[in-house]
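First up is the structure itself, then whatever we jot down about it.
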Amino acid sequence: MVRMVQDKFDYIIIGAGAAGLMLATAMDQDPFFASKRILLLEKQTTRSNDRTWSYWEKGSGIYDSILTRQWQQIKFKGANQALVKDIQPYSYKTLRGQDFYSYHYQKLEESNIVTLRHEAVLDLNESEDLVAVRTDLNSYSCSLVFNSLFTPPSIKEQERYPLIQQHFVGWFIRADKPIFQENVATFMDFSVPQKGNTRFMYVLPFSEFEGLVEYTLFSRDLLELSEYEQAIKNYISEDLGCHSFEILEKEKGSIPMTAYNFQKRNTDRICHIGSAGGWTKPSTGFTFSNSMRMTQKVIALLKAGESITKLKPHGRHQFYDTLLLDILARKNHLGRSIFEAMFKKRSPQLILAFLEERTTIWQELAIILACPKRPFLSALFKRLF
Ligand SMILES: Cc1cc2nc3c(=O)[nH]c(=O)nc-3n(C[C@H](O)[C@H](O)[C@H](O)COP(=O)(O)OP(=O)(O)OC[C@H]3O[C@@H](n4cnc5c(N)ncnc54)[C@H](O)[C@@H]3O)c2cc1C
């Protein structure tokens, strides 16, 4: 029989994924937490290369030493026209999950305050002055839990905010001839058949011969695996002109896109982080760079002695995302024309700043005015009335 141990910590972080590892490491590196006891619980004992993270930032950043690659040019392709644009001072950066996990695990191995245990969390029990956390092996308690387990049952039960998915399958391939333009990352290629949805190809070239080719949809329903894979095969042969290649690795995922208010589930003692905390950008599925920013906000709130319920992952941009998602939920085929209008009329720097929610209201107006008016006015009208 397993002996149950009661152990008390200041903070318990559940899940050593992107958000959990960023937060544990940030606490470890900040002298403010030097006297704290922090427990990081992760159910997986070994980490595979289960995802590739991409994000953009200006200048250098904390993960530069482990990047697989970065680009200063991106390509956007609409129905007919392709635009290749310089995005400096931004760089579009990519790192492999495996490198991210190793980087953080190595840092935490040397930590005096963070203890990593491989246990599966079964349930949480919040009382007035502590939270009890039960795992498959032990019981713990703490003053504050940071929970990255994605279990929001109520998204599907509510109708206020539609839920669509960003779903994708990607192949890392090596071609038998140079097929990739290695200095240009294809952000969105909408020239693929839309079939009534918002569908595009996302291509990250690592060299002229090697790259990631990912078929992505923003839609309600997932496809059969064979449909994603057929689309990738067609793209590699017809668009990239390659008939002989090796598949080195595959990735797939489905990221919820919703303006649902995840943080309303936060209490003074349980704070949801990562995708579970609404740190995913509702309109794009990007979570990684937002998690870096939100981690800093969590640290600042704790240091200021403020309640963690003050954490707000999105400002007024949440409303723009709500409108876009309302449109895509009702008229899923409109995604291509909206993104196409934006990329044709506005600079990529402005679009990237807008997507990372760092724009002024005037810049936001400029973006909105670039988009087709009717669907947004109709979505606005429906939201307001
Ligand atoms: C294939 C893929 C590619 C992506 N690419 C990008 C990208 O390029 N850019 C971007 O910004 N976003 C991307 N995302 C979205 C987002 O960045 C990731 O989903 C990110 O991992 C979310 O971080 P998280 O900490 O919320 O969740 P996770 O990273 O999934 O972490 C949750 C952790 O909790 C652990 N866990 C689960 N259950 C338990 C339990 N009961 N007890 C203890 N531990 C448990 C899991 O093992 C996991 O380690 C991608 C997602 C996927 C799936």
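The values are calculated or read from the model by the stated rules, or taken from the named source; none is laboratory data. Here the structure is a predicted model, which is why all the values come from computation and not from measurement. Don't worry about glycine lacking a Cβ; one is built from the backbone with ideal geometry, like all the others, and counts go over all protein chains shown.
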**Request:** Identify the residue in region 56-94 that is of a type in the set (A, V, I, L, M, F, W, C) and over 21 Å from Met201 (Cβ atoms) and, among all such residues, is surrounded by the most Cβ atoms within 10 Å (Cβ to Cβ).
**Result:** Leu67
**Residues located in region 62-85, provided they are farther than 26 Å from Leu334 by Cα and either without any contact (Cβ under 8 Å) to a residue 40 or more places away in the chain or aromatic (Phe, Trp, Tyr) (or both)** = Tyr63, Asp64, Ser65, Ile66, Leu67, Gln70, Trp71
**Message:** Give me the residue from region 31-48 that is within 11 Å of the ligand (Cβ to nearest atom), of a type in the set (D, E, K, R) and touching a helix residue (DSSP H, G or I) at 6+ places or on another chain (Cβ under 9 Å) and, out of that set, nearest to Ala16 (Cα to Cα).
**Reply:** Glu42
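Mind counting the residues in region 191-233 that are among the polar types (S, T, N, Q) and touching a residue at least 40 places away in the same chain (Cβ under 8 Å)?
Applying the first criterion (among the polar types (S, T, N, Q)) to region 191-233 yields 191, 194, 197-198, 207, 216, 219, 226, 230.
Then drop every residue that is not touching a residue at least 40 places away in the same chain (Cβ under 8 Å), which leaves 191, 194, 197-198, 216, 219.
The total comes to 6.
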**Request:** Filter the strands (runs of 3 or more DSSP E) completely within region 164-274 down to those with at least 2 residues that are basic (Lys, Arg).
**Result:** 245-257
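Restricting to region 65-79, name every residue that is closer than 21 Å to Gln106 by Cα and within 16 Å of the ligand (Cβ to nearest atom). Spell out how you get there, then give the answer.
Of region 65-79, the ones closer than 21 Å to Gln106 by Cα are 65-68.
Ile66, Leu67, Thr68 - these are the residues of region 65-79 that are closer than 21 Å to Gln106 by Cα and within 16 Å of the ligand (Cβ to nearest atom).
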**Prompt:** Applying the selection to region 303-336, what residues are under 29 Å from Pro193 (Cβ atoms), at pLDDT below 95 and among the polar types (S, T, N, Q)?
**Reply:** Thr322
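Considering only region 320-327, I want to know if a residue exists there that is more than 16 Å from the ligand (Cβ to nearest atom), within 20 Å of Ser154 (Cβ to Cβ) and within 19 Å of the chain's Cα centre (by Cα).
So far as region 320-327 goes, yes, one or more of its residues are more than 16 Å from the ligand (Cβ to nearest atom), within 20 Å of Ser154 (Cβ to Cβ) and within 19 Å of the chain's Cα centre (by Cα).
For region 13-30: of the residues being part of a helix (DSSP H, G or I) and either away from the ligand (no atom under 13 Å from the Cβ) or among the acidic types (Asp, Glu) (or both), which is surrounded by the most Cβ atoms within 10 Å (Cβ to Cβ)? Full working, then the answer.
Of region 13-30, the ones part of a helix (DSSP H, G or I) are 18-29.
From what's left, either away from the ligand (no atom under 13 Å from the Cβ) or among the acidic types (Asp, Glu) (or both): 26-29.
Numbers: Ala26: 16, Met27: 25, Asp28: 20, Gln29: 11.
Filtering region 13-30 for residues that are part of a helix (DSSP H, G or I) and either away from the ligand (no atom under 13 Å from the Cβ) or among the acidic types (Asp, Glu) (or both), the one surrounded by the most Cβ atoms within 10 Å (Cβ to Cβ) comes out as Met27.
Report, by residue number, each residue of region 254-275 that is within 11 Å of the chain's Cα centre (by Cα) and either near the ligand (Cβ under 10 Å from one of its atoms) or not hydrophobic (A, V, I, L, M, F, W, C) (or both). Quick ask: steps written out before the conclusion?
Initial filter on region 254-275 (within 11 Å of the chain's Cα centre (by Cα)): 254-257, 274-275.
If the condition is that a residue be within 11 Å of the chain's Cα centre (by Cα) and either near the ligand (Cβ under 10 Å from one of its atoms) or not hydrophobic (A, V, I, L, M, F, W, C) (or both), then Ser254, Ile255, Pro256, Gly274, Ser275 are the ones that fit.
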**Request:** Go through region 272-288 and give me each residue that's closer than 12 Å to Pro313 by Cα and either of a type outside the set (Phe, Trp, Tyr) or surrounded by fewer than 21 Cβ atoms within 10 Å (Cβ to Cβ) (or both).
**Result:** His272, Ile273, Gly274, Ser275, Ala276, Gly277, Gly278, Thr280, Lys281, Pro282, Thr287
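From the set of residues in region 287-342 that are small (Gly, Ala, Ser) and touching a strand residue (DSSP E or B) at 6+ places or on another chain (Cβ under 8 Å), which is nearest to Ile12 (Cα to Cα)?
Our first condition is that a residue be small (Gly, Ala, Ser); within region 287-342, this holds for 289, 291, 300, 304-305, 307, 315, 329, 335, 337, 341.
After this cut, where a residue has to be touching a strand residue (DSSP E or B) at 6+ places or on another chain (Cβ under 8 Å) as well, the list is 289, 329, 335.
Details: Ser289: 23, Ala329: 37, Gly335: 40 Å.
This residue is Ser289.
List the helices (runs of 4 or more DSSP H) inside region 323-380, counting only whole elements, that have at least 3 residues being surrounded by 18 or more Cβ atoms within 10 Å (Cβ to Cβ). Give the steps one after another, and end with the answer.
On the way: elements: 335-345, 348-355, 361-370.
Here the list reads 335-345, 348-355.
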**Asked** For region 305-336, which residues satisfy the criterion of being of a type in the set (A, V, I, L, M) and over 15 Å from Ile367 (Cβ atoms)?
**Response** Ile308, Leu311, Leu325, Leu328, Ala329, Leu334
**Prompt:** Counting only residues that are under 10 Å from Leu41 (Cβ atoms) and surrounded by fewer than 16 Cβ atoms within 10 Å (Cβ to Cβ), which one in region 118-135 is farthest from the ligand (Cβ to nearest atom)?
**Reply:** His118
